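Take a look at the structure set out below.
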Amino acid sequence: MKGLVVAGIHSGCGKTTIAMGLMAVLKRRGMNVAPFKVGPDFIDPGFHKQICDRPSRNLDGWMLSKEYNKEVFYKGSHSCDVAIVEGVMGLFDGYDGRSEAGSTAEMAKWLSLPVLLIVDARSMARSAAAMVYGFENFDRELKWAGVVLNRLGSNTHLRYIREAFEGHVDIPLIGGIKKEDGLNLPERHLGLVTQDENPLSPDYIDHLADLIEDSLNLNMLMDNLPELDIPKFFQRQETRQKNSVRIGVARDEAFCFYYQDNFELLEKYGAELVFFSPLRDRSLPPDINGLYLGGGYPELFAEKLSRNKSLMEEIKKLGDNGFPIYAECGGFMYLTEGIEDKSLNYYSMAGIFPVKIMMLDRLKALGYREITLKAFNLLGKPGEKIRGHEFHYSEIKEITGKMDPVVDHNGVTLVYKLSDRPGLKIREEGYMKKNVLGSYVHLHFGSKPQIAENFVRFLDESSLH
């Protein structure tokens with residue numbers, strides 16, 4: 001098998017489009033392509049999955065250990081011909097300016113993969129060679145697959161930069177792509193519009209593949225990639241515990257932010273996942289032992305969600321009676337009393353948590369988070385630590401009931417001690433009412449796989465009472 005990392009000189013240089021184009025053209029050539037994404041991103045992996053017809057897995061240098069990242073890569077690459085890892089931000093951008101921690105460069109070295117560097121060549125000619133020279137010499141431990149120049153103005157533009165590379169840059173120039181506005185995918189406040197809501201058309205995917213085929217020297221690129229040795233250990237099927245619980249998972253255009261690993265870890269420890277749509281289904285799946293409500297865009301579908309009263313009433317009744325429910329970000333918003341959009345329209349939600357949510361014009365929170373459990377709950381016991389990230393444009397507008405660290409059984413308990421990545425800002429979060437746990441934080445169960453096991457065991461034990 002072969003593999004590479006698609007990295008950019010900065011965010012927005014076109015690495016997502018080019019990574020998808022490479023996936024599309026290699027798939028069209030008959031290869032089995034294993035897609036990956038560096039960083040806490042839910043949207044790009046959805047497009048990867050559509051193109052490659054297999055799940056795209058997240059890799060992350062802070063949420064996940066080096067060993068776990070390698071295991072995810074090996075498992076996800078099994079039986080494939082080529083692995084394509086889309087990077088995050090600029091190649092060397094990480095958690096701070098002092099180290100490579102959390103960067104695409106760090107991940108490339110962990111996985112022993114060469115880097116295909118994407119350069120936004122707008123408004124540059126000879127200076128592009130100086131920039132690439134700097135990237136090439138900044139970290140001599142990196143391996144290189146090549147350079148792709150993006151957003152070129154003409155063939156002459158490409159020729160000027162190719163001439164500038166000669167005698168200065170050792171990384172091979174694989175080709176250049178001219179600026180084309182029609183390639184841009186629609187965006188909104190959390191990034192691109194999701195694949196669940198706006199799938200790529202077959203024509204768009206074919207156009208991407210054609211563009212890469214016509215613009216890059218793919219044979220040179222593939223020849224530059226070393227053969228990878230996938231350890232035989234990871235080629236064995238993982239043993240799974242016998243199914244003991246059924247978890248209802250909200251999955252549609254409004255709730256689509258999930259890590260593939262979270263699903264697979266729950267299944268590994270004995271859960272059967274049963275997907276349903278809060279937008280369309282009037283009732284929950286039968287014979288479930290708990291609910292998992294992920295993030296997404298409930299605010300964009302608030303009117304339709306609020307009209308599905310029978311489902312919300314069923315969820316509220318279950319939650320008020322002690323049924324286990326775990327909800328993240330958009331899922332948490334769905335369990336509040338209601339959401340006020342930016343036009344001040346108010347839509348009622350399930351009403352388990354006594355708060356109201358308001359949407360903002362600005363980003364409210366963005367960054368990695370580590371949570372420490374303060375009390376027993378469906379994810380674990382006090383002292384257990386889990387990592388994740390937070391990214392939302394909403395906040396709690398109004399508290400309509402008890403929200404206190406210590407309250408009676410019918411109130412809401414704050415069960416997370418939450419800190420940002422450097423551990424500088426610590427606050428109370430994680431809202432628990434009976435066996436309903438909601439939070440703005442998206443947790444990656446791979447940061448502590450025991451959490452998935454705890455969740456399944458909690459549901460199993462709850463169903464016996």
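We did not get these values from a lab; they are worked out from the coordinates using the rules stated. These figures come from a predicted structure and were not determined experimentally. Every residue, glycine among them, receives a Cβ derived from its backbone with ideal geometry; neighbour counts consider all protein chains shown.
Sorted from greatest to least, the principal axis extents spanned by the alpha carbons of the range 245-464 come out as 44, 42, 35 Å. Expressed as an acute angle from 0 to 90° and rounded to the nearest 10, what is the orientation of the C-alpha long axis of helix 127-138 relative to the principal long axis of the chain? Helix 127-138 sits at roughly 70 degrees to that axis. Using the alpha-carbon centroid of each, what span in Å lies between the range 1-76 and the range 423-457? Centre-to-centre distance over Cα atoms comes out at 26 Å. So how tilted is helix 450-464 from the main axis of the chain? Cα-based, degrees 0 to 90, rounded to 10. For helix 450-464, the angle is close to 30 degrees. The ranking of Asp460, Asp41 from fewest to most other beta carbons within 10 Å of each one's beta carbon is Asp460, Asp41.
Taking 16 Å as the straight-line reach from the Cα of Lys433, the aspartates and glutamates in range (excluding those fewer than 8 positions away in the same chain) are Asp320, Glu328, Glu337, Asp404, Asp408.
Return one number: the angle in degrees, 0 to 90 and rounded to the nearest 10, between the long axis of the Cα atoms of helix 155-165 and the longest principal axis of the Cα atoms of the chain. It works out to around 80 degrees. Please tell me the relative contact order of the range 2-234 in percent, rounded to the nearest whole number, where contacts are Cα pairs under 8 Å and at least six residues apart. About 26 percent, as a whole number. Each of Val5, Val355 was scored by other Cβ atoms within 10 Å of its Cβ. Listed from fewest to most, they are Val355, Val5. Only Cα pairs under 8 Å and 6+ residues apart enter the sum, and on that basis the relative contact order of the range 245-464 stands at 21 percent. In whole percents, the pair-distance distribution calculated for the range 277-331 from its alpha-carbon pairs, binned every 5 Å from zero, is 4, 18, 28, 31, 15, 4, 0. If the chain linking Ala125 and Asp361 were pulled fully straight, counting 0.36 nm for each residue of separation and taking away their Cα-Cα distance, it would gain 81.2 nm. Placing dummy labels 7 Å off each Cα toward the beta-carbon, the span from Leu200 to Asp229 is 3.3 nm. If only the Cβ of Lys and Arg carry +1 and only the Cβ of Asp and Glu carry -1, the dipole of the chain around its Cα centre is close to 560 debye.
Stretching the chain fully between Arg29 and Ile426 yields a gain of 137.9 nm (0.36 nm per residue, less the alpha carbon separation). For Phe275 and Lys66, the FRET efficiency from 1/(1 + (r/R0)^6), where r spans their Cβ atoms and R0 equals 25 Å, is about 0.20.
Take the Cβ atoms of Asn217 and Asp320, set R0 to 60 Å, and the FRET efficiency comes out at 0.45. Working from the Cα coordinates of the range 99-184, the gyration tensor eigenvalues give, after taking √(5λ), semi-axes of 24, 16, 10 Å in decreasing order.
In whole angstrom, the chain maps to an equivalent ellipsoid with semi-axes of 42, 23, 21, each derived as √(5λ) from the alpha carbon gyration tensor and ordered largest first. The stretch between Lys143 and Ile399 holds 86.8 nm of extra length on full extension. This uses 0.36 nm per residue minus the Cα-Cα distance. Helix-only arithmetic for the chain: the sum of -39500 (n - 2.57) across DSSP H runs with n ≥ 4, divided by the residue total, places the mean residue ellipticity at 222 nm at -8500 deg cm²/dmol. Beyond 22 Å, what share of the Cα-Cα pairs of the range 2-234 remains, rounded to the nearest whole percent? The proportion of pairs with Cα distances above 22 Å equals 49 percent. Taking a straight Cα-Cα cut-off under 18 Å and skipping sequence neighbours fewer than 8 places away in the same chain, the lysines within cross-link reach of Lys434 are Lys316, Lys317, Lys374, Lys381, Lys402.
Relative contact order of the range 251-302, taken over Cα pairs closer than 8 Å and 6 or more residues apart, is 60 percent.
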